[in-house]
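Right, one structure below, let's go through it.
What follows is calculated from the coordinates using simple rules that are stated; it is not laboratory data. Everything numeric here is computed off the predicted structure, so don't read it as measured data. Here the Cβ positions follow ideal geometry from the backbone for every residue, glycine too, while neighbour counts run over all protein chains shown.
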Amino acid sequence: MKLNNVLLLVVSLMLSLLAAEIGLRIGGIAYPEFNRLDPLLGWSPRPGIEGIYAIEGRTHISINSEGFRDIDHARDKAGHVLRVAVLGDSFAEGREVALKATFWKVMENGLSACLRPEGMSAEVLGFAVNGYGTAQQVLVLEHRVEKYAPDVVLLAAFTGNDIANNSRAIDGHPGRPYFRLESGLLRLENEHLRTASFRMKRLWTDIKHGAFNALRSVQVMRQAYSAMKARLKYRDLSVADQLTAGLSGKLYRAPEDEAWQNAWAITEALMARAAESSRKMGARFVLTTLSNPIQVTPDLDLRVTAAQELGVDDLLYPDRRLASFGRNSGFEVIALAERLAARAVGVSVRFHGRESFAGGHWNENGHRVAGEILAQELCDILR
């Protein structure tokens, strides 16, 4: 009798799970693992995968056949098209908003309007991936972008973590490729991504993620747990702490210790390499520096308070430094933070986060205004 009850319970659970799986598939509900391990880049999105991203906001995400968040693009471009390749991290990938609302899609529309009198249109290709530092962005440029023959390469730098991400000493990510400077030359350090242990880890991760991505009910349970964990993590943070979450005061001043001096030197060398690689493929290189939440909050008192807590005087130091480096290196730099900061105060609007969290990535307002500014700036540069 007991055995029958156990069997009945097992069968009931299996039927319930099966019904849940069918219902979730009919409803198009999936929270998959989007990324896979990559022997060149450390990790990259899995080609062709799609599902819901619900960490900040709730968005349906699709990854194209090349492994980037964008639609598929033909390699050959029409003669009347100006093609722009966008490199960046999660700020540029923009999982928090719909694809058409990302700054580079907004920029595509504005740039096409600018080019229309000349019988031209713009085509913007997205090559941004969450978590990438400048090193990975340069590798994407040199290994994935050239075959699309872009006319312009736009590198979108999020200073909030890109400089730190370029330093093994500061960042220390076990799965990221790094560059080091040796006698003034950049040397790639990715031996750890070519070992037998990495290949085994990659194989196991593919198996594990494959099983996870096949089970929608498990995905829903993990998503519910992750959402609860995030709420508990941030619920007691002050607004000032939300705006500076994950940021280091060392970012906003001239580097005083060797690790940050080296991080800045590597970052600037990588920017110069990106510019040179772009020129070699016949493209114009443009750098844009995005904004950190604390730089553009509409509350001026909060900016002052947060700067004091970080122990800094100039929240725009990294933006000014990269703008100066670009001028001295012969490429254009479009700095967005100062312009967004002025607009935020003027209209009292937030460009980062949601109602429940003031920090984080750009929201639709941030993407829209940034895209409009970039379209106009690129239009002026290209005329």
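Here Val124, Val106, Val97, Val86 are screened, and the one residue that is over 22 Å from Lys147 (Cα atoms), of a type in the set (A, V, I, L, M) and touching a Phe, Trp or Tyr at 6+ places or on another chain (Cβ under 8 Å) is Val97. Only residues that are crowded, with 16+ Cβ neighbours inside 10 Å, over 16 Å from the mean Cα position of the chain (by Cα) and outside any strand (DSSP E or B) were counted in the stretch 65-97, giving 3. Candidates in the stretch 27-49 are the residues that are under 22 Å from Leu188 (Cα atoms) and among the hydrophobic types (A, V, I, L, M, F, W, C); of these, the one that is surrounded by the fewest Cβ atoms within 10 Å (Cβ to Cβ) is Leu40. When Glu355 is tested against (1) under 21 Å from the mean Cα position of the chain (by Cα); (2) farther than 24 Å from Trp264 by Cα, only condition (1) is not met.
Quick check: anything in the stretch 232-241 more than 23 Å from Arg46 (Cα to Cα) and β-branched (Val, Ile, Thr)?
So far as the stretch 232-241 goes, yes, one or more of its residues are more than 23 Å from Arg46 (Cα to Cα) and β-branched (Val, Ile, Thr).
For beta carbons closer than 7 Å, sequence separation of 6+ or different chains, a first residue in the stretch 314-339 that is surrounded by fewer than 16 Cβ atoms within 10 Å (Cβ to Cβ) and a second that is not in a helix (DSSP H, G or I), the qualifying pairs are Tyr317/Arg253.
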